[in-house]
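The values are calculated or read from the model by the stated rules, or taken from the named source; none is laboratory data. The shown structure was predicted, so the numbers you read here are calculated from the model rather than taken from an experiment. Glycine also receives a Cβ, built like all others from the backbone with ideal geometry; neighbour counts cover every protein chain displayed. Side chains are part of the model used for accessible areas, which takes the heavy atoms of the whole protein and leaves out ligands, DNA and RNA. Shrake-Rupley method; radii C 1.70, N 1.55, O 1.52, S 1.80 Å.
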Amino acid sequence: MHTTHPLALLQTRRHFFGRTAAGIGTAALASLLADDRAAAGPEVAPPPRSLAAGGALSVLHAAPKAKRVIYLFMSGGPSQIDLLDYKPKLKDYNGQELPATVRMGQRITGMTSGQKSFPCAAAQFKFARHGKAGTWVSELLPHTAGVVDDIAVIKSVNTEAINHDPAITYIQTGSQQPGRPSLGAWLSYGIGSENKNMPAFVVMISQGSGNKTDQPLFSRLWGSGFLPTQHQGVRFRSGQDPVLYLSNPTGVDAGGRRTMLDAVGELNRMAGESFHDPEIDTRIAQYEMAFRMQTSVPELADLSREDKKTLEMYGVDDKNEDGGFARNCLLARRLAERGVRFIQLMHRGWDQHSSLPGQIRGQCKDVDRPAAALLRDLKQRGMLDDTLVVWGGEFGRTVYSQGALTATNYGRDHHGRCFSVWIAGGGAKGGISYGATDDYSYNVTENPVHIHDLNATLLHLLGIDHTRLTFKFQGRDFRLTDVHGTVVKGVLA
């Protein structure tokens, strides 16, 4: 009597169940994954413009104003009261208790909930009108004031989140809970990249001179969530190797790397045919992208081709060394020129619970000149019209002082009820202020803009209906704006 060896039987069962699972799921998998366009909602014809290969949308939902986004994210929460939301009456209220009729019992963080006193702290910085519309801008942002005619300042942005991690996660992904795709990942998924040699979504981080112990930034903030992992952001770093593991190891040349990738690619294709796992195809595509980036990224990061005038405009030093945010802004322009769809610069240090007057001076010196230079540079190259630039953080700061208020010093706690964000280029209306807050910059009084509305507007400027760029996951159609969001027409050109 023939007996089957237990190990052989185990292998056969594994093989059987693996094959069966793949076979049963083939029809469903084909309907869900073979063509991502089915998950991206209905389309309109004729197409407003053609899209590069790789996007789930074969055509856009509307004619786009912007082709790409450069998002200057001020991590930590910049104080709108000290920068963009001028409140002259606060001088009269300085040191007085925040009225209960203004606060209205609204939730505050645990860092100030135990305070017995909530004294109002007026900004210690001068404001002046700038541009054709006379937009109020703080003396801390003189370079931004010089380009204010290209900027729409939105003073009424608001969010429910009052702590950093849920607030950053919320504005980046549309949910306070981790696990959703980020804005850049949605764009990569929806409309792909214009350059096959570069990723669609790039992230760069710089440390500001303000709060040196600011909260960390986790990679899930530029993650792909439940979207295919090829859509997650690729982080560029300063130094000789902008992307980790991109350079060949010692002793391996380009030919050897190509041979290795071909062999690994063939093994992955065999596994893909056997198991029908879409992540295997993603892995193959990412290996190939990395190989192509070995040529494109070093050329991109070489700023020696930039003239001295451009480097000085951004504030990058003559030694061509890492200039933090300044260098990243210049790299952002170079990435935009090369067809990268979403470029996110994250600048830490804005969490100023104490010593705000001193810290915010340094933070503004970090970002004011480079951000304004980026707008000027894009404009003179004819790129601002189709490049949408966004500047802002996850929330704002309180009118009342955290801790003791003195004649020269104060701190501010987190404040999500109202804060300021500016957008420029890419179909945004320049030279305007949109929305308004009360005399304490505590509550929105006119034209509120929830962060879902902000994200819906950004997608609209890219020709995307935020309600129709969706992805089916766990039986539900998800989107960046959840079930909310309205396009803010008042900031559209």
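Of the trypsin sites (Lys or Arg not before Pro) found in region 115-194, the ones in coil according to DSSP and having at most 14 other Cβ atoms within 10 Å of their Cβ are LYS116, LYS126, LYS132.
When the P(r) of region 376-431 is calculated, the portion above 19 Å amounts to 51% of the C-alpha pairs. At the residue level, ASP439 shows approximately 60 square angstrom of accessible surface with a 1.4 angstrom probe and all protein chains present.
Based on Cα atoms of region 401-493, Rg over Rh with Rh as the Kirkwood radius reads 1.11.
Of the cross-linked pairs LYS212/LYS308; LYS87/LYS365; LYS126/LYS309; LYS65/LYS196; LYS87/LYS429, those separated by over 26 Å at the C-alpha level are LYS212/LYS308; LYS126/LYS309.
Extension gain, GLN115 to PHE473, is 124.5 nm, computed as 0.36 nm per intervening residue step minus the present C-alpha separation. Full extension of the segment from THR486 to SER175, taken as 0.36 nm per residue of separation minus the current Cα-Cα distance, would add 110.3 nm.
At the residue level, MET270 shows approximately 100 square angstrom of accessible surface with a 1.4 angstrom probe and all protein chains present.
With N set to the residue count of region 172-224, report its C-alpha Rg divided by 2.2 N^0.38 Å to two decimal places.
The value comes to 1.37.
Expressed as a fraction of 2.2 N^0.38 Å, the value expected for a compact globular protein of N residues, the C-alpha radius of gyration of region 452-493 is 1.20. Straightening the chain between ASP165 and THR408 buys 84.5 nm, computed as 0.36 nm per residue apart minus the Cα-Cα spacing. Each other residue within a Cβ distance under 15 Å of MET383 adds +1 if Lys or Arg and -1 if Asp or Glu, for a net charge of +4.
Taking the convex hull of the alpha carbon positions in region 85-206 and averaging its projected area over all directions gives 11.8 nm². Once backbone amide H atoms are built at 1.01 Å from N, THR387 has LYS67, GLY426 as its partners under 5 Å, excluding neighbours fewer than 5 places away on the same chain.
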